[in-house]
Amino acid sequence: MTKTVLVTGGNRGIGLAIAKGLIANDRRVIIGARDLASGMEAAETIGAEAVELDVSDRQSIQRCAEYIGPVDILVNNAGVLYDRRVLQNPGDFDVSMATMVHGPFYLIQQFEDHMRKNNFGRIVNMSSEWGSFSEGLLGPNAYGIAKAALNAMTKALSAQLPNNVKINSACPGWVRTGMGGFTAPRSPEEGADTPIWLATLPDDGPTGGFFRDREPLGW
């Protein structure tokens, strides 16, 4: 049976590269995008579907889930990056946490029951070495805080989900995107390799880990 994939923020950059790679693995791929027109345009270029989804809005998450139905593979890719000092700009903190922590949590909550009942699930949380304590937690302001929290959620939820519902965090590295900048050394396709691998893990694959270049990365 064909697996259904939802890639949030999948209309450009790494998200679009992940979506394209998963279609090549014979998956039904749905791109979640705040701007539905942009999502539909991107989806058409790779043979995917699109749904309007603002991951920072719980009602939008609920509407999305009702519209697309069960999901077997969830890639929490949508993100925001602010470079302003977070204590002087608390709104940056609120949006970052809503987008990169609360949104992934509520999406997981929406789809995990189907994954349990179907004895299969793959959840990939797109993180960053900037949210890693072992790497010095060097992420700018709210971004690093949110990614560290996302990593903590990945680890904590892995203990609550059955082993056949695998949840992992992925660091794509520094990638040439609108967020990463166009001087970055990696292409979107290179950044997408590890999350695609995690989204297609075999039954004996890892869960509750943090990976870069398919190798474990310290929390």
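Quick look at the numbers
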{"item": "Subset of region 194-204 (residues that are surrounded by fewer than 20 Cβ atoms within 10 Å (Cβ to Cβ) and in contact (Cβ under 8 Å) with a residue 60 or more places away in the chain)", "result": "THR200, LEU201"}
{"item": "Subset tally (residues that are assigned to a loop (DSSP other than H, G, I, E, B), farther than 20 Å from ASN11 by Cα, in contact with a strand residue (DSSP E or B) (Cβ under 8 Å, 6 or more places away or on another chain) and not β-branched (Val, Ile, Thr)) for region 186-213", "result": "5"}
{"item": "ALA149, sole failed condition from (1) under 18 Å from PHE93 (Cα atoms); (2) at pLDDT 95 or above; (3) touching a Ser or Thr at 6+ places or on another chain (Cβ under 8 Å)", "result": "(3)"}
{"item": "Flag for VAL175 being at pLDDT 95 or above, more than 14 Å from the chain's Cα centre (by Cα) and crowded, with 19+ Cβ neighbours inside 10 Å", "result": "no"}
{"item": "Subset of region 1-25 that is in a loop (DSSP other than H, G, I, E, B) and of a type in the set (Lys, Arg) - its residue that is farthest from the chain's Cα centre (by Cα)", "result": "LYS3"}
{"item": "ALA19 buried (at least 24 other Cβ atoms within 10 Å of the Cβ) and under 15 Å from ASN76 (Cβ atoms)", "result": "yes"}
{"item": "Test: residue in region 124-137 that is at pLDDT 95 or above, outside any strand (DSSP E or B) and not charged (D, E, K, R)", "result": "yes"}
{"item": "Candidates ILE31, ILE68, ILE46 - the one that is farther than 28 Å from PRO162 by Cβ and at pLDDT 95 or above", "result": "ILE46"}
{"item": "Residue in region 138-172 that is surrounded by the most Cβ atoms within 10 Å (Cβ to Cβ), counting only those that are of a type in the set (Val, Ile, Thr) and in a helix (DSSP H, G or I)", "result": "THR154"}
{"item": "Selection from region 114-123 of residues that are closer than 21 Å to ALA19 by Cβ and part of a helix (DSSP H, G or I)", "result": "HIS114, MET115"}
{"item": "Condition met for TYR106 (touching a helix residue (DSSP H, G or I) at 6+ places or on another chain (Cβ under 6 Å) and among the aromatic types (Phe, Trp, Tyr))", "result": "yes"}
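The values are calculated or read from the model by the stated rules, or taken from the named source; none is laboratory data. Quantities reported herein were computed from a predicted structural model and do not represent experimental measurements. All Cβ positions, even for glycine, are placed from backbone atoms using ideal geometry, and neighbour counts span all protein chains on display.
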